[in-house]
Amino acid sequence: MNRDNDAILSEATHWHLASGDDSMDWQGFTQWLQADPRHRDAYDEIALTAQMLDEHRSELVQDDTVVLDAQDTEVTRPVFVRRARWAGFAIAASLAAILVAPQFLSPASQVYETAAASRHIALADGSFIVLAPRSRLTIEGRDQDHIALSGGALFDIRHDPSRQLAISASGLTISDIGTRFDIQAQDNAVRVAVVEGKVEVSADTMDAPVRLPAGKGLAYDASAGTATVTPVQAANVGSWQQGRLSYENARLALVVADLRRYAGVSVEVPAALRDRRFSGTLIVDNGDAALRDLVQLMGLRLGGRSGAWRLEQR
């Protein structure tokens, strides 16, 4: 079925506006993107236009077609008060000319924080981030290419040779050119796992950057000065979205930190146990139950009470 550009652009506008809502149908959006190559192009143009409008709100005259929403304190997007009809990509092209003026400043930082639930974040170029529970993400730069992460996030980044994304997390810098990967950052430890494409990982304490292709992961410990490359299973990357945490020879301190983030359970780990290694899978829909499973698998004992657990040697 052939559809004209106006119809496709209207659908792209709908999806872009919906992406700022917690009730966004991400599965439906993904199916729409994959249904026709023109959908991705249309969405990219709408996202770029929205970004330009937001950056230059003070230079634009507000009329009865476009209203710039200043109520959203987390991410500001243009709101169209009646169905917009886009003649090709003329609006994006005309707004692009504004960028040649050097006096315009970069947009302010966008900060996202989550409590017990994850959050989907759409970038202007069509890339997506799923921010894990109890995590914080800061996005900066005109091209949204400087990101700081504390906690966990799954990244699905659109390939763009003219832009290189840089993500900082606990002293580590992850540079991406278009791929799908997961980052977990806790205190001085960072874990990176790549599903598609490749990333480059660097730090001041590393002798040289490390390139991670698909199927590889890196465990970085700044306090110990180590960076270990290991194989990863694609099915386990980002499995926290399905309430499942899988490990292969992971430090107990990191496993416990994950249980706090993804299951909301807090437990004290004595220094003598922090470096004990764990391999296995935990189901985290019930935090206390997941903690008991961990204790049983590792031959430990659980002391204290719910809300104030502590791990002990048997």
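The values are calculated or read from the model by the stated rules, or taken from the named source; none is laboratory data. Since this is a predicted model, take the numbers as computed values, not measurements. Neighbour counts are summed over all protein chains in view; Cβ atoms, including those assigned to glycine, are modelled from backbone coordinates with ideal geometry. Side chains included, ligands, DNA and RNA excluded: accessible areas come from the protein's heavy atoms. Shrake-Rupley method; radii C 1.70, N 1.55, O 1.52, S 1.80 Å.
The peptide list 119-126, 247-254, 160-167, 299-306, put in order of mean Cβ contacts within 10 Å with the highest first, becomes 119-126, 247-254, 160-167, 299-306.
Look at the Cα gyration tensor of region 200-298: its axes a ≥ b ≥ c give a/c of at least 1.5 with a/b at or below b/c, and that counts as oblate. What the Cα atoms of region 233-287 give is an Rg and a Dmax of 11.2, 33 Å. All other residues whose Cβ lies under 14 angstrom from that of Gly151 are scored, Lys and Arg at +1 and Asp and Glu at -1, for a net of +2. Once you sort the root eigenvalues of the Cα gyration tensor of region 260-314 as a ≥ b ≥ c, which label holds: rounded (a/c under 1.5), prolate (a/b larger than b/c) or oblate (the other case)? Oblate. Excluding ligands, DNA and RNA, the accessible surface per residue across region 102-241 is 45 Å² with a 1.4 Å probe. Average 1/r across all pairs of distinct alpha carbons in region 119-229, invert it, and you get the Kirkwood radius: 13.8 Å.
Could you give the distance between the Cα centres of region 137-153 and region 162-197, to the whole Å? Cα centroid of region 137-153 versus Cα centroid of region 162-197: 10 Å apart.
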